[in-house]
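*Asks:* Take a look at the following structure, please.
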Amino acid sequence: MTENLLIRIEDLDKSFPGVQALRKAKFDLRTGEVHALMGENGAGKSTLMKVLAGIYQRDSGTIYLDGKPVEIHGPHGARALGIGIIHQELNLMNHLTAAQNMFIGRERKGRTGILLDEKAMNKAAAEMLAALRVDVDPKVKIGDLTVAKQQMVEIAKALSYESRVLIMDEPTAALNDAEIEELFRLIRDLRNKGVGIVYISHKMDELKRISDRVTVMRDGEYIGTLNTAEATVDQVINMMVGRPLQNYVRSGEGASQQPVALEVRNLNQGRTLKDINFRVHKGEILGFAGLMGAGRTEVARAVFGADPVDSGEVTVLGKKVKIRIPKDAVAAGIGYLSEDRKRFGLALGMDVQANTVMATLSRFLGLGAFLKNKAMAVVSDKYIKTLSIKTPNQTQKLKFLSGGNQQKVVIAKWLLRDCDVLFFDEPTRGIDVGAKFEIYKLLQELAEQGKAIVMISSELPEILRLSHRIVVMCEGRITGEVSAQEATQERIMQLATQRSAK
Amino acid sequence: MNNVLKSLFSANARQKVLAFASLILMIIVFAFLSPNFFQMDNLVSIMLSTAVAGVLGISVTFVIITGGIDLSIGTLMTLTAVMSGVFINYWGLPIWTGLLAAIGFGAVAGAISGTLVAKLKIPPFIATLGMMMIAKGLALVISGAKPIYFTNYEVYNLISQGSFLDFNSLVPGLVIPNAVVIFFGLGIVCSIILNKTVLGRYTFAIGSNEEAVRLSGVNVDRWKIAIYALAGGIVGVAGILISSRINSAQPALGQGYELDAIAAAVIGGVSLSGGEGTILGTIIGAFIMSVLINGLRILSVPQEWQIVVSGLIVIFAVYMDILRRRK
């Protein structure tokens, strides 16, 4: 098999000030294969690939291309060697068209040599997109395309440099299932044409669907490589976290006998939400499933008073409440943990303590204006212990904590407000596999303590694992509700794609 | 046809259409309120007073589209005017060479701003604030804080005030000053640079997503310097226009012009967050500012209130930009 090795990386070291990001890392890639690269956040996957793509320079080690050692000088050099990379954060210019994006840095000029030849670029871009069977008009501005289409453009751009190696860093992070299917179709096409593809992902189910081999990294080191067909998910997880994870067993099946904590009736909001009705009991985890853009986040935001609604009635613990702004919702005992905790949930530059008491600051005031430091310290210490937040101390700034621990601080903040109903919007997005299980456990404990939990998630396995009941949405409507017992991926996907007749 | 309609009503074009409509509306209102407004010599005077601010607006349009800002254009204009005096009056360079040297001087100053921003990573606001003060000081130092008169060079005054588009015989009073012709000519050239050349493409691209351009293998720093240099060169043109109009380089003049120019760009739909804007929009924006001032003056509104009204217009324009972005 060694004769068709496209890339071989040996003993690669890379350190940044204060961290050894890669330690004797190795990796190889064959022509015409999809090679998954897995590992927790900080395992060094992205760093390794950025070295390969010329964005970082290695400290030591060797990279072989077609068996010959090569030096990669910058992104330009990588491209010249046929190595292309699709970053997790798409690197496109929203104000430019698809064709202008694809030709950035190598614009075609007309006969004068000064003016740009837009027509030629549009034509060439159209041909490249057509060759990939991607349906995008080269003259459309990138900002007007869906994320999925943007990604296709980026792939077309990378391939137009005659790439033989294509690195994709978590390409499905923002895609819905139909779009993922389309992306996989494209990846398979490329594989059949002999392109070697490195596929970085967190998602276990994708591994089986798309990859031929999988390499696992942990703490900057190479752990091992498996043929995907022979590997089990548990095996890969074990390699990633370095310890076996006990599977969580769902409990609290009797939750539906408990009183109703939150009832939402007849919620309407323009074209985004149509006639939304649901209830969640105390001690229950209600899952909200659906494709991206189905309106799940919008439901949470509408109930929470973050967006105006046309109509709707909210009852909390039997009492009708009027919610016009988030403050009303909080007063009624509803908490909302945003999907984008960095933007809406936390002050990253402030410390653990300050973030924990952020929503309850009025309780820690002496003489109406002075902060009671001791009381705040006691409270934040309590939550650091009960939620096992991993931080050296409570004056650690949030930006230095991992995603999982940041999420726990958000949870602490809302627990301190004594909320009865908690909306969790994508609670494990951007969180390591190991920490995910801790968040799951936490959600379950909260439910056992009698909180009502609404969990919005795009990861079906997560919804299936945790929810007692699952509400499925499509195009702003609730298309069905299934109990934990009867829920399967197929059933939910069927409901999630049940579009209204037009 | 459909495409034309669509592009007319696209978010970007809407601001331009809106700006143009408000310009027309303003002209109609002023024409009704005062018979003096629509006099040919008043219209010519509006055009003349728009020329300098408009040229500066064109200059800053490039920089704002990259996501930057240039506060130094007002005082740099003065400095290039002074340098033009030095080159022509003191060094005795032939007039055309002197003019080119003044424009080149502006371009070099722009390149320095660009280098501060691109290489030293100083935020454009601060870098150009520093350049603004440096230019102001140098203008005073070099001129000895005294005006430089071009009285020995009759032709210098004609650059701005002369007219080879003299339609006086057809329409009495319709004598279009060269400054206006230069302003529009520069507008056309810059519009082509912005929309049809690589430099223009990178201007938009850098303002849209600088990191993406860098990762595409483009030497972003070098292009940024080039863009600031172009902007500086255009400022040099403004310096020539203003000094030729008053036939002297006034070293104390200039500060405040940068704000009018930025206001013109923003009113014309150039987005302060970068990536969007047109030369035509900026030109319309410059006209809105000067028609407003001129109209208010004709209606005998005190100058102090004229300034207040311009401030309100700028805030309104930026708010429109924010509304547009929210969609």
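The values are calculated or read from the model by the stated rules, or taken from the named source; none is laboratory data. Predicted, not measured: the structure shown is a model, and the values here were computed from it. Neighbour counts run over all protein chains shown; Cβ positions are idealised from the backbone, glycine included.
*Asks:* If I filter the range A:142-160 for residues that are acidic (Asp, Glu) and more than 14 Å from chain B (Cβ to nearest Cβ), do I get at least one hit?
*Replies:* No, every residue in the range A:142-160 fails to be acidic (Asp, Glu) and more than 14 Å from chain B (Cβ to nearest Cβ).
*Asks:* When the residues of the range B:211-227 are filtered to those that are assigned to a helix (DSSP H, G or I) and facing another protein chain (nearest Cβ under 9 Å), which remaining residue is modelled with the lowest pLDDT?
*Replies:* B:Leu215
*Asks:* Next up: Just name the residue that is nearest to the chain's Cα centre (by Cα) out of those in the range A:354-379 that are free of Cβ contacts under 8 Å to residues at least 12 places away in the same chain and assigned to a loop (DSSP other than H, G, I, E, B).
*Replies:* Filtering first and then ranking leaves A:Lys372.
*Asks:* Follow-up. Which of the residues belonging to the range B:97-111 are among the hydrophobic types (A, V, I, L, M, F, W, C) and free of Cβ contacts under 8 Å to residues at least 60 places away in the same chain?
*Replies:* Within the range B:97-111, B:Leu100, B:Ala101 qualify.
*Asks:* Here's a follow-up. Since A:Gly196 meets every condition but one in (1) surrounded by fewer than 20 Cβ atoms within 10 Å (Cβ to Cβ); (2) over 26 Å from A:Ser458 (Cβ atoms), which condition does it not meet?
*Replies:* Looking at each condition in turn, A:Gly196 falls short on (1).
For (1) more than 30 Å from the chain's Cα centre (by Cα); (2) without any contact (Cβ under 8 Å) to a residue 12 or more places away in the chain; (3) farther than 23 Å from B:Gly200 by Cα, each residue gets a yes or a no:
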{"residue": "A:Asp117", "(1), (2), (3)": "yes, yes, no"}
{"residue": "A:Asn122", "(1), (2), (3)": "yes, no, no"}
{"residue": "A:Asp137", "(1), (2), (3)": "no, no, no"}
{"residue": "A:Gly143", "(1), (2), (3)": "no, no, no"}
{"residue": "A:Lys157", "(1), (2), (3)": "no, no, no"}
{"residue": "A:Glu162", "(1), (2), (3)": "no, no, yes"}
{"residue": "A:Met168", "(1), (2), (3)": "no, no, yes"}
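*Asks:* Considering only residues that are touching a helix residue (DSSP H, G or I) at 6+ places or on another chain (Cβ under 7 Å) and at pLDDT below 90, look in the range A:44-85 and name the one that is farthest from the other protein chains (Cβ to nearest Cβ).
*Replies:* A:Ile55
*Asks:* Taking the range B:196-208 as the search range and keeping residues that are part of a helix (DSSP H, G or I) and free of Cβ contacts under 8 Å to residues at least 12 places away in the same chain, which one is surrounded by the fewest Cβ atoms within 10 Å (Cβ to Cβ)?
*Replies:* B:Lys196
*Asks:* Name the single residue, out of those in the range A:307-347 being farther than 23 Å from A:Lys413 by Cα and buried (at least 16 other Cβ atoms within 10 Å of the Cβ), that is nearest to the chain's Cα centre (by Cα).
*Replies:* A:Val309
*Asks:* Could you list, in sequence order, all residues of the range A:157-205 that are modelled with pLDDT of 85 or more and of a type in the set (S, T, N, Q)?
*Replies:* Within the range A:157-205, A:Ser160, A:Ser163, A:Asn192 qualify.
*Asks:* Test B:Lys146 against the criterion of being assigned to a loop (DSSP other than H, G, I, E, B), more than 21 Å from B:Gly68 (Cα to Cα), charged (D, E, K, R) and more than 14 Å from chain A (Cβ to nearest Cβ), and give yes or no.
*Replies:* Criteria met by B:Lys146.
Conditions tested, residue by residue: (1) surrounded by 16 or more Cβ atoms within 10 Å (Cβ to Cβ); (2) in contact (Cβ under 8 Å) with a residue 60 or more places away in the chain; (3) over 22 Å from the mean Cα position of the chain (by Cα).
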| residue | (1), (2), (3) |
| --- | --- |
| B:Met132 | yes, yes, no |
| B:Ile142 | yes, yes, yes |
| B:Ile148 | yes, yes, yes |
| B:Thr151 | no, yes, yes |
| B:Tyr156 | yes, yes, no |
| B:Leu170 | no, no, yes |
| B:Ile193 | yes, no, no |
| B:Ile227 | yes, yes, no |
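*Asks:* Next question, about the same structure. Can you tell me how many residues within the range A:91-130 are at the interface with chain B (Cβ under 7 Å from one of its Cβ atoms) and surrounded by 14 or more Cβ atoms within 10 Å (Cβ to Cβ)?
*Replies:* Count: 12.
*Asks:* Another question, then. Among A:Val303, A:Val321, A:Val309, A:Val316, which is in contact with a helix residue (DSSP H, G or I) (Cβ under 6 Å, 6 or more places away or on another chain) and either over 23 Å from A:Thr146 (Cβ atoms) or not aromatic (Phe, Trp, Tyr) (or both)?
*Replies:* So the residue among A:Val303, A:Val321, A:Val309, A:Val316 that is in contact with a helix residue (DSSP H, G or I) (Cβ under 6 Å, 6 or more places away or on another chain) and either over 23 Å from A:Thr146 (Cβ atoms) or not aromatic (Phe, Trp, Tyr) (or both) is A:Val309.
*Asks:* Is it true that B:Asn195 is within 14 Å of chain A (Cβ to nearest Cβ) and under 22 Å from B:Ala109 (Cβ atoms)?
*Replies:* So B:Asn195 does not fit the description; no.
*Asks:* Which one of the conditions (1) in contact with a helix residue (DSSP H, G or I) (Cβ under 8 Å, 6 or more places away or on another chain); (2) over 30 Å from B:Ile46 (Cβ atoms); (3) in a helix (DSSP H, G or I) does B:Asn152 fail to meet, given that it meets all the rest?
*Replies:* Condition (3) is where B:Asn152 drops out.
*Asks:* Looking only at residues in the range B:172-189 that are under 16 Å from B:Gly57 (Cβ atoms) and either within 14 Å of another protein chain (Cβ to nearest Cβ) or among the β-branched types (Val, Ile, Thr) (or both), which one is surrounded by the fewest Cβ atoms within 10 Å (Cβ to Cβ)?
*Replies:* B:Ile188
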